[in-house]
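Beneath this line is the structure, given in structure tokens, with notes to follow.
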Amino acid sequence: MFRCKQIFVIASFLVLAALLLPGSALTQQLTPAMKDAIAWNDKLKPMYDEIAKYLWDNPELSLVEFKSSGKLQEYLANNGFKIEKGVANMPTAFVATWGSGKPVIGILGEFDALPNLSQASAVTSEKPIISGAPGHGCGHNLYGTSSATAAITAAKAMAAHGIKGTIKFFGTPAEETLVGKIYMGRDGVFDGTDIMLAWHPGDTNGVSYGTNLAIDNIKFRFYGKSSHAGSAPEAGRSALDAVELMNIGMNFMREHLVEEARIHYVITKGGETPNNVPPFAEVWYFIRAPRRAQVDQVRAWMFDVAKGAALMTQTRAENQILTASY
């Protein structure tokens, strides 16, 4: 699990060095600064292992990653970085900065976990630490720690060799719910950065060149009328029926979308008891497609589906777009 992060840290600094040292290239012999960065990476390995394991043992969901964010901030501050906390009005988002002047090199670091994925480390079969608790299914305990280590190794080598420039580590929370980077970008946190480096744990070591799907993150809420389901069902209007009809409509829509489009949903609220007609229900959707215009088309259609579900059930529909990205 830890082998990939070492290669990433080395590769990250090779990219940094290629940008910062005139005439250097990844195909040329390693410069003294690059060699020093690799040496610093090896020196920091025990600390890296400790922090990555700490994040694994303390998995936290999006926007409440207080222990994970704090641990990474401490790691960076102890190695000479200045910390700006709570950026973009998110308490676990932060920016750690070292150096001054151009170029400004940004490194992204994620650290949020996923629900219901609690898992003991170094075990290849399912073994929850706490059943139903969060866990790091996407390896963000490695992502944040490796990125912070890359920033530190670059700064150490730059300082030792008098290389000018600024290193910025962006602690980006809530990746799993499509929030952190979107709100940070909206508030200008990334402004002035000349290049941004990112990575993600995977089953191979390599450079990714491509795009991700555009996405909308939307909740639909339906409001009906409560009634006793046994004695007066005719007086009620089921918000849950509206949610179910919307989901059926969306599933029929799939046949007519571009092949790469994706539709995911969960019912977050469906009522309290079968004996009462649910007056409120909510469904949460992610819709994805290769291009922004394609997502916009799906969203316009799904708004019509929601209106139709409300008409069929004599309920009222509303929606809330939480986030969206290209």
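See the values below:
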{"read-out": "Number of the exception - A96 against (1) assigned to a strand (DSSP E or B); (2) open to solvent by 40 Å² or more (accessible area, probe 1.4 Å); (3) of a type in the set (G, A, S)", "value": "(2)"}
{"read-out": "Total residues in the stretch 157-185, condition part of a helix (DSSP H, G or I), farther than 19 Å from T145 by Cβ and open to solvent by 10 Å² or more (accessible area, probe 1.4 Å)", "value": "6"}
{"read-out": "Test for A324: is it touching a residue at least 40 places away in the same chain (Cβ under 8 Å), open to solvent by less than 50 Å² (accessible area, probe 1.4 Å) and either more than 19 Å from A242 (Cα to Cα) or assigned to a helix (DSSP H, G or I) (or both)", "value": "yes"}
{"read-out": "The lone exception for E60 - which of (1) closer than 17 Å to S146 by Cβ; (2) of a type in the set (D, E, K, R); (3) surrounded by fewer than 21 Cβ atoms within 10 Å (Cβ to Cβ) it fails", "value": "(1)"}
{"read-out": "Subset of the stretch 186-214 that is of a type in the set (V, I, T) and at pLDDT below 95 - its residue that is nearest to A151 (Cα to Cα)", "value": "I195"}
{"read-out": "Residues that are of a type outside the set (S, T, N, Q), open to solvent by 60 Å² or more (accessible area, probe 1.4 Å) and not in a strand (DSSP E or B), drawn from the stretch 246-265", "value": "I248, F252, R254, E255, H256, V258, E259, E260"}
{"read-out": "Selected residue (criterion: nearest to the chain's Cα centre (by Cα)) from residues of the stretch 230-245 that are of a type in the set (A, V, I, L, M) and either surrounded by 13 or more Cβ atoms within 10 Å (Cβ to Cβ) or assigned to a helix (DSSP H, G or I) (or both)", "value": "V243"}
{"read-out": "Failed item in (1) free of Cβ contacts under 8 Å to residues at least 24 places away in the same chain; (2) assigned to a helix (DSSP H, G or I); (3) of a type in the set (A, V, I, L, M), with L76 passing the rest", "value": "(1)"}
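The values are calculated or read from the model by the stated rules, or taken from the named source; none is laboratory data. Note that the structure is a prediction, hence the values are computed from the model and not measured. Neighbour counts are summed over all protein chains in view; Cβ atoms, including those assigned to glycine, are modelled from backbone coordinates with ideal geometry. Please note that ligands, DNA and RNA were not included when accessible areas were found on the heavy atoms of the full protein model with its side chains. Shrake-Rupley method; radii C 1.70, N 1.55, O 1.52, S 1.80 Å.
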